[in-house]
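In what follows, a structure is listed as structure tokens, so that the remarks can point back to it.
The values are calculated or read from the model by the stated rules, or taken from the named source; none is laboratory data. This one's a predicted model, so the numbers in the text were calculated from it and none came from an experiment. Cβ: placed from backbone, ideal geometry, glycine included. Neighbour counts: every protein chain shown. The area values use the complete protein model at the heavy-atom level, side chains included, leaving out ligands, DNA and RNA. Shrake-Rupley method; radii C 1.70, N 1.55, O 1.52, S 1.80 Å.
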Amino acid sequence: MYVIDQPQPADTPIPGVQHATWAAQAEGLSALSLWRQSIAPGGATPPHSHPCEEVVMCTAGRGEVHVGGQVHAFGAQQTVLLPAGVLHQIFNAGDTPLEMTAVFAATPVPVHLPDGSPLDLPWRS
């Protein structure tokens, strides 16, 4: 496959989080995943980690990424770099949707809760 459609993010069981997987193993990739997410004002991802690198590109809104007890603010036209294994949580820190595209160095993308247990995602990764 060389050209695929990009579905719009849709509601998920995680309150305030909309998600669309744009490319992953199902599209023939073996080492990357591409996600599109929108987080509503007041919303957040659960605290989690991945055993792979993650790059988050913010296209609209204002967010915060919480890592190691520190808060790092970011906004449109900024990129968040998350090394493999780093526990993090992303919050919408504004009053408009936080729009992001994320690239992961794995497919599927394993996700772990702070206690190390796997987090079963409500979408394909």
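Observations on the structure shown:
- Hits in the stretch 30-57 - residues which are in a loop (DSSP other than H, G, I, E, B) and hydroxyl-bearing (Ser, Thr, Tyr): Ser30, Thr45
- Taken as a whole, the structure places Gln25 among residues that are surrounded by 15 or more Cβ atoms within 10 Å (Cβ to Cβ), in contact (Cβ under 8 Å) with a residue 24 or more places away in the chain and out of contact with any helix residue (DSSP H, G or I) (no Cβ under 7 Å at 6 or more places or on another chain).
- Filter result (outside any loop (DSSP other than H, G, I, E, B), hydrophobic (A, V, I, L, M, F, W, C) and open to solvent by 20 Å² or more (accessible area, probe 1.4 Å)) within the stretch 96-112: Val103
Rundown of residues vs (1) within 13 Å of the chain's Cα centre (by Cα); (2) surrounded by 12 or more Cβ atoms within 10 Å (Cβ to Cβ); (3) modelled with pLDDT of 95 or more, yes/no style:
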{"residue": "Tyr2", "(1), (2), (3)": "no, no, no"}
{"residue": "Trp35", "(1), (2), (3)": "yes, yes, yes"}
{"residue": "Pro47", "(1), (2), (3)": "yes, yes, yes"}
{"residue": "Glu54", "(1), (2), (3)": "yes, yes, yes"}
{"residue": "Phe74", "(1), (2), (3)": "no, yes, yes"}
{"residue": "Pro83", "(1), (2), (3)": "no, yes, yes"}
{"residue": "His88", "(1), (2), (3)": "yes, yes, yes"}
